[in-house]
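Encoded as structure tokens, the structure appears first; notes follow it.
The values are calculated or read from the model by the stated rules, or taken from the named source; none is laboratory data. Everything quoted here is computed from the prediction, not taken from an experiment. Cβ coordinates were reconstructed from backbone atoms using ideal geometry, including for glycine residues, and neighbour counts include every protein chain displayed. In case anyone asks, the SASA skips ligands and DNA or RNA and just uses the protein heavy atoms, side chains included. Shrake-Rupley method; radii C 1.70, N 1.55, O 1.52, S 1.80 Å.
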Amino acid sequence: MNCTNCGKAIEPGARFCSGCGAAVSSAAYEYGPRPSRFVRPREGRMVAGVCAGLAMHYGIDVAIVRLIVALSILFAGVPIIAYIVAWVVMPNADYVMTPQPGNMVS
């Protein structure tokens, strides 16, 4: 993956670019490229995948999104309705099939 700020190659798992020092989104490594629409990923869910889907779409860390949602539910209570609506409205991400060794057709 390349840095979006300077274009230099970034090592897998790096949190910052070694060339310019810009922060690298951990969601890009965790979930792959950002989708063009809101989807709930099939991997990395805690409850329904809404927070993971939001983090994946906006390219931010899923822990930050989960913390914001948890605090807003504790202090306001109303966002739980928005979470349930997002759970119903956001579709699941498509399955990604990876080739298994020995099952490939020549």
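Points worth noting:
- Among 59-71, 80-92, the peptide with the highest mean count of other Cβ atoms within 10 Å heads the list, and the full ranking is 59-71, 80-92.
- For Arg40, the residues whose modelled amide H falls within less than 5 Å of its own, excluding neighbours fewer than 5 places apart on the same chain, are Asn92, Ala93.
- Computed packing ranks the peptides 50-56, 73-79 as 50-56, 73-79, most packed first, by mean other Cβ atoms within 10 Å.
- Pair Glu43, Val85: separation of 7 Å Cα→Cβ label points (nm): 3.2 nm
- Shape call, region 49-90: gyration tensor on alpha carbons, a/c limit 1.5: oblate
- Computed from the Cβ-Cβ distance with R0 of 41 Å, the FRET efficiency linking Ala70 to Ala22 stands at 0.90.
- Solvent exposure ordering (accessible area, 1.4 Å, most first) of Ser72, Ser18: Ser18, Ser72
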